[in-house]
Structure formats: C-alpha cells, structure tokens
Amino acid sequence: MKKTIIALLALAGVAAAAPLTLTSPTDGSLTSSNAAVAWSENYSTLTSWELSFTLTDTTLGDAIIFGTDRDGSGAAGYLLSTDTDGSLEVYARNINVTYSKSTAAGVVTAGTPVAITFSFVADENQYTNEIVGGTFTVKAGEATSSWAVTDGLEYTDLTNNSVSRFWTNGGAEKFSNITVAKLDNNMVVPEPTTATLSLLALAGLAARRRRK
C-alpha cells in the first residue's frame with residue numbers, strides 16, 4: 001500500500017467546542033460490533049469536530065479504529081488506526097487521494113485503557129466560505145500530534161448516523177466514554193493575488209505623485 005507522509009503542523013490555536021448529545025453508541029461505549037457515530041442535534045455533518053473516547057486495545061494489531069467514511073470494502077476516508085508498535089496513525093484510504101500516513105505521538109499498550117481525542121479543524125476562506133484545508137489532531141494521553149491536509153477535504157466531515165464509524169475488529173478494540181463535539185472552523189484570509197498587489201502598488205504610486 002502506497003503511503004506518503006502528511007506534513008506536520010504546530011497548533012496555532014484551539015477551536016471552541018460545543019458538546020453534542022451522543023445517540024450512537026447509545027451508552028457511550030462499544031465493545032463487540034461496529035457502529036456509526038450519531039448525535040441528536042440537527043447537524044447532518046460537522047465540518048470541524050472533536051471525537052473523544054477511551055480505547056482499550058486487547059491485541060495491539062495493525063487495525064483501523066475509526067473512519068470518516070466507508071465504501072463497499074469497509075472503512076474509507078481519513079482513518080485513525082493502531083499499529084503493532086502501539087502508535088496511532090492517521091491516513092487516507094479509498095477516496096481517490098494519494099494514500100497518506102502520519103504517526104501520532106503517544107503509545108497504546110495492549111490491555112491498558114488510554115484516553116484519545118481525534119479532531120479536525122477546517123480552514124475556511126472567510127470571503128467565499130470555501131474549505132481550503134484543515135488540520136487533524138490526535139491526543140493520546142499527554143501527547144499531541146497534528147497534521148495539515150489540503151486534499152480530499154470532502155472526506156474530512158463527520159457525518160451523523162451514516163458513514164463515520166467506529167471499528168471494533170471483532171472485539172479486539174473496546175471503546176468507552178465516547179463524546180462528540182462541534183468545533184468552529186478556522187477562518188482564513190486569502191492571500192492577495194499578483195494582480196491585486198500590482199493594483200495596490202499603482203494606487204500607492206499615484207498617491208505619492210498627488211502629494212508631490
């Protein structure tokens with residue numbers, strides 16, 4: 001499987017979180033079967049979101065534990081997975097985007113519960129409201145890692161009771177204390193184009209000439 005590194009990015013700030021009422025998994029835990037994440041508020045998708053849970057990985061294998069999307073072959077979109085060395089990974093799969101993979105800080109130990117937060121904050125052009133990029137962040141225990149993405153942005157959304165799903169892998173992964181929150185988008189100002197800069201330069205020159 002071809003995988004390339006997602007660029008590492010330091011967090012510039014923290015988006016405001018609005019906790020949602022979780023309806024699936026119904027009791028905030030999942031031990032033996034896969035389930036779509038769902039909430040009662042009237043949002044069909046979350047562009048910027050935060051998913052928190054406690055993971056107990058009983059076997060510590062190379063396994064997908066959450067995906068933003070799914071297709072006929074299973075998990076798709078942007079995925080969070082465990083690896084055999086205990087690391088957490090984020091990568092793209094089956095979404096017509098070059099397979100990308102980045103390793104998160106923090107180590108998962110077989111049989112030991114660990115608190116994990118997986119989030120995405122979208123960069124939104126404040127003039128056009130277009131999503132132009134975003135940042136995935138994984139917190140495992142006290143460690144935090146973040147990655148910027150600019151491709152496959154239509155697959156970064158969290159969907160309500162649909163394709164965004166947990167994967168228990170036959171009960172090898174057990175989840176508890178699951179919560180979901182809606183985050184604010186990061187509003188970005190687009191860089192001025194060359195034409196705009198040229199016009200500004202001409203306006204400045206004209207102003208100087210008038211002063212003379």
Take the conditions surrounded by fewer than 13 Cβ atoms within 10 Å (Cβ to Cβ) and at pLDDT 95 or above and apply them to residue 40. Does it pass? yes
Can residue 79 be described as open to solvent by less than 10 Å² (accessible area, probe 1.4 Å), under 15 Å from the mean Cα position of the chain (by Cα) and either of a type outside the set (A, V, I, L, M, F, W, C) or over 16 Å from residue 153 (Cβ atoms) (or both)? no
How many residues does region 110-157 hold that are among the hydrophobic types (A, V, I, L, M, F, W, C) and more than 12 Å from the chain's Cα centre (by Cα)? 8
Does region 44-61 hold any residues that are among the polar types (S, T, N, Q) and either part of a strand (DSSP E or B) or surrounded by 22 or more Cβ atoms within 10 Å (Cβ to Cβ) (or both), and which are they? 45, 48, 52, 54, 56
Output the residues belonging to region 138-185 that are part of a strand (DSSP E or B), open to solvent by less than 40 Å² (accessible area, probe 1.4 Å) and in contact with a Leu (Cβ under 7 Å, 6 or more places away or on another chain). 138, 140, 146, 147, 148, 158, 166, 173, 175, 178, 180, 181
Per the filter on region 115-130, residues surrounded by fewer than 18 Cβ atoms within 10 Å (Cβ to Cβ) and either part of a strand (DSSP E or B) or in contact with a Leu (Cβ under 8 Å, 6 or more places away or on another chain) (or both) are 115, 117, 125
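The values are calculated or read from the model by the stated rules, or taken from the named source; none is laboratory data. In this text, all values refer to a predicted model and were calculated from it rather than measured experimentally. No Cβ is skipped: glycine too gets one built from the backbone with ideal geometry, and neighbour counts run over all protein chains shown. For accessibility, only protein heavy atoms count, side chains too; no ligands or nucleic acids. Shrake-Rupley method; radii C 1.70, N 1.55, O 1.52, S 1.80 Å.
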